Amino acid sequence: MTLIPLNDALDTVRHLKRSLLDKQRFKGWSGPTRIFSGTLAILMALVLELQWLPPTHKAHILAWGGVFLAAMLLNMGALIYWFWNDELIHRDVRRLAPMLDVMPPLFVGAVFTLVLILGREFDYLFGVWMCMFGLTNLASRYVLPGSIALVGVFYILAGVICLLMPGITFLNPWAMGLVFFAGEWSGGMILYLDERRYAAYQRMWQRKNKETP
């Protein structure tokens, strides 16, 4: 018995395993889009620090709301582009099911945001938002690379610190800017590198199949 058939069989098993994992992965969330969103957050923190906007709670709420809205539109745009152009999913709406996993944390976060704003408890907003993003990342850990859960834990820990430390105020933009920058860059790089690894693996497999007589 030679080793060549055995090696081929092992390669086939690895390829089938990787293909199965890829089918389970949700490709709708874009790594570069998350990276860009994190960059928007740190830039907004700089804008607020330089007081290019009035140093009021209303101005800061509108500023961070603009960042969240831009990030949401960018991610939804990337999602729609993927859904419409990826030939592997054939525009099957069932492949959008993982979106439902992130809806409950976003809804609860929106409700808490409204309650805190109406109660003028602005200093708790950063902590609530960070915990909300942490839960959305944890909710996606089964359809995204497993290390995305670490990003979720990071967000939640940062949120707990912001909620428990009285010195962190809403008018100091760096807490949110730095945490969101680090979290979105980390999450974006995880998604980007995972896609690169899979693309490289696919090219290697296709090249090997062409070389095999």
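Every residue, every condition in (1) crowded, with 21+ Cβ neighbours inside 10 Å; (2) charged (D, E, K, R); (3) in a helix (DSSP H, G or I); (4) under 17 Å from the mean Cα position of the chain (by Cα), yes or no:
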| residue | (1), (2), (3), (4) |
| --- | --- |
| V115 | no, no, yes, no |
| Y124 | no, no, yes, no |
| G127 | yes, no, yes, no |
| F133 | yes, no, yes, yes |
| R141 | no, yes, no, yes |
| G152 | yes, no, yes, yes |
| Y155 | yes, no, yes, yes |
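Consider A97 carefully, then state whether it is out of contact with any helix residue (DSSP H, G or I) (no Cβ under 9 Å at 6 or more places or on another chain), closer than 24 Å to G188 by Cβ and among the small types (G, A, S).
Yes, satisfied.
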Item to complete: For region 169-200, name all the residues that are closer than 22 Å to G146 by Cβ and of a type in the set (A, V, I, L, M).
Response: V179, A182, M189, I190, L191, L193, A199, A200
Worksheet item: If you scan region 34-82, which residues turn out to be within 22 Å of T169 (Cα to Cα) and β-branched (V, I, T)?
Response: T39, I42, V47, T56, I61, V67
Discussion item. So for region 158-169 (the condition being under 19 Å from the mean Cα position of the chain (by Cα) and touching a residue at least 12 places away in the same chain (Cβ under 8 Å)), does at least one residue qualify?
Written reply: yes
Discussion item. Can you report the number of residues in region 57-107 which are without any contact (Cβ under 8 Å) to a residue 12 or more places away in the chain and among the polar types (S, T, N, Q)?
Written reply: 1
Worksheet item: Using beta carbons and a limit of 9 Å, which pairs, at least six apart or on different chains, have the first residue in region 175-190 and on the phi < 0 side of the Ramachandran plot and crowded, with 24+ Cβ neighbours inside 10 Å and the second one modelled with pLDDT of 95 or more and not in a helix (DSSP H, G or I)?
Response: M176/F170
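The values are calculated or read from the model by the stated rules, or taken from the named source; none is laboratory data. Note that this is a predicted model, so its numbers are computed, not measured. Note: ideal-geometry Cβ built from the backbone for every residue, glycine included; neighbour counts use all protein chains shown.
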